[in-house]
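Nothing in this text is a laboratory measurement; each read-out follows from the coordinates by a stated rule. As the structure is a computational prediction, the values presented were derived from the model and not from experiment. Because the Cβ atoms are built from the backbone with ideal geometry, glycine has one as well, and the counts that use them run over all protein chains shown.
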Amino acid sequence: MNVAVLIKQTPDTAELPKVTVDEAESGELQATMVINPWDEFAVEEAIDLSDRFGCETVAISLGRADETDALKHALAMGVDSAVHVDEDVIDGGDEWATAEALAAAVRKVGGGEDVELVLAGKMSVDGNSGVIYAGVACKLDWDLLVNVTRIVDIVDGKLIAEQAFEGGQETVEVPLPVVISVAKEINEPRYPSFMGIRKASRATIPTWGRDHLEIDASRTTRWNDLSKPEPEEVQVHIFDGATVEEKAAQLADALMAEKVI
Amino acid sequence: MAILVWIEQNDGQAVSNCWELLAKAKELGTELGVEVAALLIGSDVIEATQQAVAYGADLVYTASASNLEHFRLQPYAAIAEQAVERADAAAFLTNASIRGGILAATVACRRNAGIAANATDLWVEDGKLVAVRTIYSGNIRARIQFESPLAVASVRPRSFPMPEPDAWSGEVKDLNVELNEDDIRLKISSFRAADAGEVSLTDAHIIVSGGRGVAEDPQKGFELVGKLADTLGAALGASRAAVDAGYIPYKHQVGQTGKTVRPDLYIACGISGAIQHLAGMGNSKIIVAINKDADAPIFQRAKYGIVDDLFQTVPALTAEFSKRLR
Ligand SMILES: Cc1cc2nc3c(=O)[nH]c(=O)nc-3n(C[C@H](O)[C@H](O)[C@H](O)COP(=O)(O)OP(=O)(O)OC[C@H]3O[C@@H](n4cnc5c(N)ncnc54)[C@H](O)[C@@H]3O)c2cc1C
Ligand SMILES: Nc1ncnc2c1ncn2[C@@H]1O[C@H](COP(=O)(O)O)[C@@H](O)[C@H]1O
């Protein structure tokens, strides 16, 4: 059983507020690009699974040409290999085109042994969709688990895991192959070791383009009118009564008048 | 033709955010000249079916079977696809919960339809649906037009006002699903519902949150904040500092690495208003801050404030509201 982990290279979260409309439209960002923070949990889990079950791990990232820093980070953390998919293959397509390209890459990386488990993060900090893994599962026709907080075991071709949702938590059992998106509670991502960083810097990361993957890029939506939401200017009203009881009564009056209580 | 809305159920109860969405769908349907249909999947859908009609569904598609009690993507998505076909749906809408998100995505991907994930607004333009959502973690807003015949969107809770149920009438259509448990690959071996009686943060109209400001007596502090929340029928939130210090479990955390919330009223007690906290609650309709430091950044976002010790102010507020809400 091999494990593929899907990672995206995204802007450093501290720099997200600086992203401009022009940058968002062109995709050419000034921001420092790093591994999508939610994907670090998926990488950590892949490495942990390879320790527990002796599987091979491969990181896959679809992005602009030469965008391989996130993959290097995954290699430095300890995944066995990495593949970069040039975003040219999706030719400006939508989420389903990305999912199809990633699914095609998952099928191809298998080589000798098939990938039976795909791990993904919870969401990308730039796309904010949480749909790519659902698309990948759909294109591969595999089952999907989301918000997984623990992979309990893999026995007899079955995976047992815990997943959480708004109304509670459940333990489920599903035969492989399966796509999993992991929650932040699943683990504590490690920092790359010095040795890991050295190894990663020397690794060659193959890029797969249109010659390697043939994608029929779908385009089901059109995005336009990008804008920057401005926070509303509010002037705070501070109640200054003589006692806390007086202030509380004034606040209660205001909130009753606003009809929010 | 219809706009089809999935009504999520938790523990046999319809998730109330779905009624906001259904009411919005009715408005959009009227503009587009199509019906609004609700989709109910579960082991017992009778009560929710009646509610769906009361909230304006012209049609309710139902699929009920004992093995549909808990959400499982494989059968739920297959049923949703069937309903999309039966209703000749122009749009399929879900609330953007964890399950609603993947149900919408799976149905959209299978039907090669466009998706607007985590949409915050919907309207009709030139006879077609348009969605709005943000990307780059709320820093860029985009308008999404659909090029596919079916438009799919998962919509953030509390994007639209909560409607009042009314004496509408609607038609119920059973999808007559026949499910063989052997065909469903995923099995649920144990299920634990969230604590009963607790108001969930993402659904809440009112949230009362506590922060590091309770440090001098954390147990007492959260007890006071909790009492105010109970009095107001509000959900209990917290800052990361309070969670990290172990005052309260992570599930209460609001912010960039916690939950994103949009209540009508957010009362922050002893919270400074760090940018990561604001990222999770900055879109609340009215923000109230209780903080003893008049220079705390939270006051730049708050509409109302009290500059005082929370250990005195919070119980005073509880007393005041219990008097008025009696
Ligand atoms: C990557 C990253 C992600 C993060 N994610 C989140 C997140 O999701 N959510 C989040 O909340 N934070 C998050 N943070 C942390 C954030 O930066 C702040 O540290 C945190 O929000 C501070 O919490 P606080 O306001 O409770 O504490 P403080 O900043 O310490 O503020 C306490 C406030 O209480 C007031 N106070 C003290 N005593 C009293 C009293 N008796 N009565 C009234 N007021 C009193 C003080 O004046 C002060 O303003 C994140 C940080 C990073 C780096
Ligand atoms: N371009 C990409 N390359 C590799 N993985 C991706 C890509 N985009 C999204 N993913 C994966 O899908 C998850 C959800 O992304 P999103 O649907 O954009 O929120 C991410 O956390 C990644 O694991």
Give the Debye-formula value of log10 I(q)/I(0) at each listed q (0.12, 0.15 Å⁻¹), with one equal scatterer per alpha carbon of chain A, two decimals each. -0.75, -1.06
Stick to Cα atoms and the Kirkwood definition of Rh, then tell me Rg/Rh for segment B:2-183. 0.94
Exposure proxy order (Cβ contacts within 10 Å, fewest to most) of B:TYR247, A:TYR191, B:TYR136: A:TYR191, B:TYR247, B:TYR136
Between B:GLU181 and B:GLU147, 0.36 nm times their residue separation minus their Cα-Cα distance comes to what? 8.5 nm
Tell me, what is the percent relative contact order of chain A, built from C-alpha pairs under 8 Å that lie six or more residues apart? 23
What is the helix-to-structure angle for B:17-32, meaning the angle in degrees between its Cα long axis and the longest Cα principal axis of chain B, kept from 0 to 90 and rounded to the nearest 10? 50
Can you tally the net charge around A:VAL152? Count Lys and Arg as +1, Asp and Glu as -1, for every other residue whose Cβ sits under 13 Å from the Cβ of A:VAL152. -3
Checking the cross-link filter: which aspartates and glutamates have an alpha carbon closer than 20 Å to that of A:LYS247, excluding same-chain neighbours under 8 positions apart? A:GLU258, B:ASP293, B:ASP295, B:ASP308, B:ASP309, B:GLU320
Computed over chain B: longest principal axis from alpha-carbon atoms vs helix B:98-110 long axis, angle to nearest 10 degrees, is 30
Tell me the mean residue ellipticity at 222 nm calculated for chain B from its helices only (DSSP H runs of n ≥ 4, each -39500 (n - 2.57), averaged over every residue, nearest 500). -9000 deg cm²/dmol
With eigenvalues of the C-alpha gyration tensor scaled by 5 and rooted, chain B, Å: 39, 21, 18
What is the antiparallel percent of DSSP beta bridges lying wholly in segment A:2-225, to the nearest 5? 40
Stokes-Einstein diffusion coefficient of segment A:1-56, Kirkwood radius over Cα pairs, 10 °C, 1.306 mPa s, in µm²/s: 122
What does the net charge come to around B:THR231 if you take all other residues with beta carbon closer than 14 Å to its beta carbon, with K and R at +1 and D and E at -1? +1
Determine one quarter of the surface area of the Cα convex hull of the protein assembly as shown, which equals its mean projected area, and express it in nm² to one decimal. 27.1
If you rank B:THR202, B:THR106 by fewest surrounding Cβ atoms within 10 Å, what's the result? B:THR202, B:THR106
antiparallel share of DSSP beta bridges within segment B:2-183, to nearest 5, in %, is 30
Which residues qualify? For B:GLU69, with a placed amide H closer than 5 Å and at least 5 residues away or on another chain, they are B:SER43
Whole-Å distance linking the alpha carbon centroid of segment A:179-246 with that of segment A:69-135 is 15
Along its three principal axes, how long is segment B:79-218 when you only count alpha carbons? Whole Å, largest extent first please. 60, 45, 38
Rounded to the nearest 10, the angle in degrees between the Cα long axis of helix B:73-87 and the longest principal axis of the Cα atoms of chain B comes to 60
Long-range amide H partners of B:VAL60, meaning residues 5 or more apart or on another chain whose placed amide H is closer than 5 Å, are B:ALA38, B:GLU171, B:VAL172, B:LYS173
Which of rounded, prolate or oblate describes segment B:160-267 when judged by the alpha-carbon gyration tensor and an a/c cut-off of 1.5? oblate
Determine the shape class of segment B:44-126: with a ≥ b ≥ c the square roots of the Cα gyration tensor eigenvalues, call it rounded for a/c under 1.5, and otherwise prolate if a/b is greater than b/c, oblate otherwise. oblate
What is the list of residues in segment A:9-28 whose amide nitrogen lies under 18 Å from a point 7 angstrom out from the Cα of A:ILE205, following Cα to Cβ? A:9-13, A:28
Eligible lysines near B:LYS251 by straight Cα distance, threshold 28 Å, same-chain separation 8 or greater: A:LYS8, A:LYS122, A:LYS184, B:LYS187, B:LYS220, B:LYS227, B:LYS259, B:LYS285, B:LYS292, B:LYS303
Per the C-alpha gyration tensor (a ≥ b ≥ c, the square roots of its eigenvalues), segment A:109-229 is rounded if a/c is under 1.5, else prolate if a/b beats b/c, else oblate; here it's rounded
When DSSP assigns beta bridges and you keep just the ones with both residues in the protein assembly as shown, what percent turn out antiparallel, to the nearest 5? 35
Whole-Å distance, taken between Cα centres, linking segment A:41-68 and segment A:1-29: 18
Extension length gain for A:ASP153 and A:GLU188 (0.36 nm per residue less Cα distance), in nm, is 10.8 nm
Between A:ASP22 and B:LYS292, what FRET efficiency follows from the Cβ-Cβ distance if R0 is 25 Å, with the result rounded to 0.05? 0.05
Using the number of other C-beta atoms within 10 angstrom as an exposure proxy, rank B:TRP19, B:TRP168 with the fewest first. B:TRP168, B:TRP19
C-alpha center-to-center spacing [segment B:106-124, segment B:126-189] in angstrom: 8
Taking r as the C-beta separation of A:THR243 and B:SER66 and R0 as 56 Å, the FRET efficiency to the nearest 0.05 is 0.40
At 20 °C and a viscosity of 1.002 mPa s, what translational diffusion coefficient does Stokes-Einstein give for segment B:206-324, taking Rh as the Kirkwood radius over Cα pairs? Give it in µm²/s as a whole number. 157
Which of A:ALA137, A:ALA249, A:ALA101 moves most in a GNM of chain A, Cα contacts under 10 Å? A:ALA249
